[in-house]
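The values are calculated or read from the model by the stated rules, or taken from the named source; none is laboratory data. Fair warning: this is a prediction, and the values are worked out from it, not measured in the lab. Counting neighbours? That spans all protein chains shown, and the Cβs are built from the backbone with ideal geometry, glycine included. To get the accessible areas, we keep the full protein, side chains included, count just its heavy atoms, and leave off ligands, DNA and RNA. Shrake-Rupley method; radii C 1.70, N 1.55, O 1.52, S 1.80 Å.
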Amino acid sequence: EITAPERSVSLLSPNASLGWQISPEVTVRTAAYRAYRTPTLDELHRGSRQGDVVTNPNPLLNPERLTGVEGSVRWARPRASARVTGFFNRLDGMVTNITLRVTPTLITRQKQNVDKARAAGFEIESDFRPNRSVTINALAVFTSSIFLEAPLSTLAGNRVPQMPRYQLGGGVTVA
């Protein structure tokens, strides 16, 4: 029987925001926040194997910590609106696969809290209502996400994988 260490973690996720309506058409907003992501059950307790790579779980992982700020300007009319938002986020204690041992037949890794990353960028949102029952919207997000510190690897300064540089979206809603 395998027993995991008993742990307790208390987290506080403060969020403060401020908005100012400059005119009937223009609103400015800013926010600062702190958030956490607790490790998943897989990261804590379940290993995996793909070919000759074994990734071991780590029951001692801590939550990842995100600290961020953002600001936006929104323009709104009865039939259309648009918003531009800039953001800056820092992620500390990022859960990463760390290579512990390499042999000719097996690579052994473990999940660990080691990396720090930064994501900064902006998003543009707009919608148009040609009539009361139809809304057309569009969204574009541009993000620069890099590793700030990666003490056990050479990732510092590199892009965070699986984080797209830009995302586009759109939709039509009929009520």
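Just a few scattered comments:
- Close amide-amide hydrogen proximity is noted between residue 107 and 53, 54, each under 5 Å apart and 5 or more residues distant or on a separate chain (H modeled in the peptide plane; Pro and chain starts excluded).
- Most positive-pole-ward Cα, 47, 59, 162, against dipole of the chain from beta carbon charges: 162
- Taking Cβ atoms as reference points and 11 Å as the exclusive limit, the residues near residue 85 contribute a net charge of 0, counting Lys and Arg as +1 and Asp and Glu as -1.
- Ellipsoid fit via the Cα gyration tensor, segment 31-175: semi-axes of 40, 17, 14 Å, each the root of five times an eigenvalue, largest first.
- Computed about its Cα centre, the charge dipole of segment 53-162 is approximately 300 debye, with only Lys, Arg, Asp and Glu carrying charge at their Cβ.
- Percent carbon-and-sulfur accessible area, segment 29-96, ignoring ligands, DNA and RNA, probe 1.4 Å: 57
- Protein heavy-atom accessible surface, 1.4 Å probe, per residue over the chain: 67 Å².
- Anisotropy class of segment 1-89 from Cα gyration tensor, a/c 1.5 cut: prolate
- Cα convex hull, segment 45-98: 169 Å³ per residue, rounded to a whole number.
- Candidates 48, 17, 133: whichever shows maximal mean-square fluctuation once the chain is modelled as a Gaussian network with Cα springs under 10 Å: 133
- Mean ellipticity per residue at 222 nm, deg cm²/dmol - from DSSP H runs of n ≥ 4 across the chain, formula -39500 (n - 2.57): -500 deg cm²/dmol
- Computed 3J(HN,Hα) for segment 162-175, one whole-Hz value per residue from the Karplus formula 6.51 cos²θ - 1.76 cosθ + 1.60 where θ = phi - 60°, is 6, 10, x, 6, 8, 9, 10, x, x, x, 10, 10, 10, 9, glycine and proline marked x.
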